[in-house]
Structures are given as structure tokens and as C-alpha cells.
Amino acid sequence: MTSPDDDVVARGRQVIIRRKWLNDAVNEYAWRTDAELARLDAATPLRVPFDDYFRSWSLDLCLTDMGNRSFAIEDETGKHIGNVMYYNVDKSRREAELGISLGDKASWGRSYGSDALATVARYLFQGTDIRRLYLHTLDWNVRAQRAFAKAGFSVCGTSWRESQAYVVMEVWRGRQVKAEGVKKALV
């Protein structure tokens, strides 16, 4: 399904970042109940009926706080393949945390994640006063770490959450962000 232009937040080399739609809940429910995807997110697979999930999900969609936003990722054909979000916005430090999930396994290894992160980074650096974006990834998830590095993020530390070790990666405003091998300066 192709996005109407008024729902498009940003366009990357391969991806479209757009506002979420109600029918995205079907994919997101399938992804949240998948054991492999839950493991990559250090989570437990969701075990509630779809109707209960949808009721909560649609309420969250309507009440989205502008300081914490979640967007859909579409591939070049308009297929919903995942989500990218920013949260933990610290206005005094001018930083925010990013998260990404590619639920469509056929999209893995095709640079969609790197492109989505680089696109959202450019969007936030150009449209807000945020100076630093950071993310956490499980220390054993080398594939994700390579994708984040490809998007211009570099390792800045480690952390622990609920008995899980994480690598912390960051990118700063004004630094180069790589997208598909092409360097693009952030403004």
C-alpha cells in the first residue's frame, strides 16, 4: 500500500517513514507475538488476543505524545516492513533515544534498517533542536550493530537492563550519516 503524501514524514534511499495507520496493527500484532523478534528486542512474545491488543494499540495511536513518536517503515513498494521510534527525549541535554524493529523477515539484510535510521536521524536533526541520538542493542546482536554503524552510529558505551548486556551507539548533529554508502551531512 502506498502512503498518501500527507502521511509521509521522511523519505530515504529505499524507505518511506510515515505516520502509522490503524491497519498497521495487524502486522504489529504478528510481529509482537513472534518469538524470534521478541528475543531480538529482549522481550517476551505478546500473548493477548488481537482484540485486546488492538483496543490498547489504537488508543495509543490516538494519544501519541509528540515527545515520543513511533512511525511505520515502508519499503520502496509501499509495504509496511517495520517501525522506528524516538523516545526518552531530554530537552535540556537535547538528545533522544531511537528504536527500530524490522518485523518483515524478508526485509532483513537488505539495508532497510540502516536507511530508516539515517532517514529518521536527518529528519530529527533538521526539524528539532536535538543534538544527539542514541540507541541500545543487545551485545550479541552483531548484525544490528553493523546496520547501525552503516547508518552513522558509533559505539559510545555499554549498559545493563534486566540482566541483559547492551551496546550503546550514538550519532551527533553535524556529523556524517552514511546511507547506502553515500555520506550525507546533517544540518
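How many residues are aliphatic (A, V, I, L, M), outside any strand (DSSP E or B) and more than 13 Å from the chain's Cα centre (by Cα) when one looks only at region 120-162? First the steps, then the outcome.
Initially, region 120-162 is screened for residues aliphatic (A, V, I, L, M), giving 120-121, 124, 130, 133, 135, 138, 142, 144, 147, 149, 151, 155.
Checking which are outside any strand (DSSP E or B) leaves us with 120-121, 124, 130, 142, 144, 147, 149, 151.
Cutting the leftovers down to more than 13 Å from the chain's Cα centre (by Cα) gives us 130, 142, 149.
Selection size over region 120-162: 3.
More than 15 Å from the chain's Cα centre (by Cα) and within 22 Å of Ala116 (Cα to Cα), is that true of Ala96?
No, not satisfied.
Going by the structure shown, is Val9 over 26 Å from Gln145 (Cα atoms) and among the β-branched types (Val, Ile, Thr)? Quick ask: steps written out before the conclusion?
Numbers: over 26 Å from Gln145 (Cα atoms): no; among the β-branched types (Val, Ile, Thr): yes.
For Val9, the condition - over 26 Å from Gln145 (Cα atoms) and among the β-branched types (Val, Ile, Thr) - is not met.
Kindly indicate whether any position in region 79-86 is touching a residue at least 40 places away in the same chain (Cβ under 8 Å) and assigned to a loop (DSSP other than H, G, I, E, B).
Yes, because at least one residue in region 79-86 is touching a residue at least 40 places away in the same chain (Cβ under 8 Å) and assigned to a loop (DSSP other than H, G, I, E, B).
Within the set of pairs 6 or more residues apart or between chains, which connect a residue that is farther than 13 Å from Lys105 by Cα inside region 22-35 to a residue that is outside any helix (DSSP H, G or I) and of a type in the set (D, E, K, R) with Cβ atoms less than 8 Å apart?
If the second residue must be outside any helix (DSSP H, G or I) and of a type in the set (D, E, K, R), the pairs left are Thr33/Arg47.
If I filter region 116-167 down to residues being of a type in the set (Val, Ile, Thr) and surrounded by fewer than 17 Cβ atoms within 10 Å (Cβ to Cβ), which single residue comes out as modelled with the lowest pLDDT?
This residue is Thr128.
How many residues are under 15 Å from the mean Cα position of the chain (by Cα) and not in a helix (DSSP H, G or I) if we restrict to region 9-41?
Matching residues across region 9-41 total 12.
Looking at Asp75, Asp7, which one is touching a residue at least 40 places away in the same chain (Cβ under 8 Å) and surrounded by 12 or more Cβ atoms within 10 Å (Cβ to Cβ)?
So the residue among Asp75, Asp7 that is touching a residue at least 40 places away in the same chain (Cβ under 8 Å) and surrounded by 12 or more Cβ atoms within 10 Å (Cβ to Cβ) is Asp75.
I'd like to check something: does region 52-60 contain any residue that is assigned to a loop (DSSP other than H, G, I, E, B), surrounded by fewer than 18 Cβ atoms within 10 Å (Cβ to Cβ), on the phi < 0 side of the Ramachandran plot and without any contact (Cβ under 8 Å) to a residue 24 or more places away in the chain?
To start, the set of residues in region 52-60 that are assigned to a loop (DSSP other than H, G, I, E, B) comprises none.
No; the residues of region 52-60 include none that is assigned to a loop (DSSP other than H, G, I, E, B), surrounded by fewer than 18 Cβ atoms within 10 Å (Cβ to Cβ), on the phi < 0 side of the Ramachandran plot and without any contact (Cβ under 8 Å) to a residue 24 or more places away in the chain.
The values are calculated or read from the model by the stated rules, or taken from the named source; none is laboratory data. Remember, it's a predicted structure, so these values are computed and weren't measured experimentally. Note that each Cβ is placed from the backbone with ideal geometry, even for glycine, and that neighbours are counted across all protein chains shown.
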